[in-house]
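Take a look at the structure below.
The values are calculated or read from the model by the stated rules, or taken from the named source; none is laboratory data. Note that this is a predicted model, so its numbers are computed, not measured. Every residue, glycine as well, gets a Cβ built from its backbone with ideal geometry; the counts of neighbours run over all protein chains shown.
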Amino acid sequence: MDKLKDRYFIRYFTKDAEPVRMPLASRKTLFRVFVHFLAGNMKSLEVFREDYFNKKVFANERLNGVLVRGNGVSMRTKTIGTDIYDSYITRFSEGMFCPEKSGSYAFERVKIAPFTDEQFNNALEYLTLIQGK
């Protein structure tokens, strides 16, 4: 069973105003998204490890003049601004949910299939060009 340290939260921006969010992506999916980023299909790309996002962040509050630790939220909620993905993370940790099935990623409106032979060769060419310079 995969753990959160082996999964990534990916957020990228295309020409649309709304970002595309991909929670619980594996390394293979991260590589596929990175190749698309190199090809120029995205404006920006952010990658976070899911175990980092699972940590709690506490805000300090003043209570009767004394500074105390307030309620905590996950780093995911603080960074993204919404807590809708926390339930998916809990279900993944319990083994009830995984967006990766048979090598492809499918979550909400995002679907990423494995590379075809031509796409794989193009990805190798991109990496060869980067390494050669």
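The table for this structure:
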| read-out | value |
| --- | --- |
| Total residues in segment 101-133, condition basic (K, R) and under 14 Å from T29 (Cβ atoms) | 2 |
| Meets criteria (over 14 Å from the mean Cα position of the chain (by Cα) and surrounded by 14 or more Cβ atoms within 10 Å (Cβ to Cβ)) for L129 | no |
| Residue that is surrounded by the most Cβ atoms within 10 Å (Cβ to Cβ), among those in segment 11-61 that are of a type in the set (F, W, Y) and under 10 Å from the mean Cα position of the chain (by Cα) | F53 |
| Unique residue being at pLDDT 85 or above, closer than 30 Å to N71 by Cβ and among the charged types (D, E, K, R) when the list is K43, K56 | K56 |
| D86 being surrounded by fewer than 11 Cβ atoms within 10 Å (Cβ to Cβ) and either modelled with pLDDT under 90 or under 30 Å from N122 (Cβ atoms) (or both) | no |
| Wholly enclosed helices (runs of 4 or more DSSP H) of segment 21-83 bearing at least 3 residues closer than 30 Å to F115 by Cα | 27-38, 50-53 |
| Positions within segment 89-119 being surrounded by 13 or more Cβ atoms within 10 Å (Cβ to Cβ) and in a helix (DSSP H, G or I), in sequence order | I89, R91, F92, S93, Q119 |
| The lone exception for Y12 - which of (1) farther than 18 Å from S93 by Cα; (2) touching a residue at least 60 places away in the same chain (Cβ under 8 Å); (3) assigned to a strand (DSSP E or B) it fails | (2) |
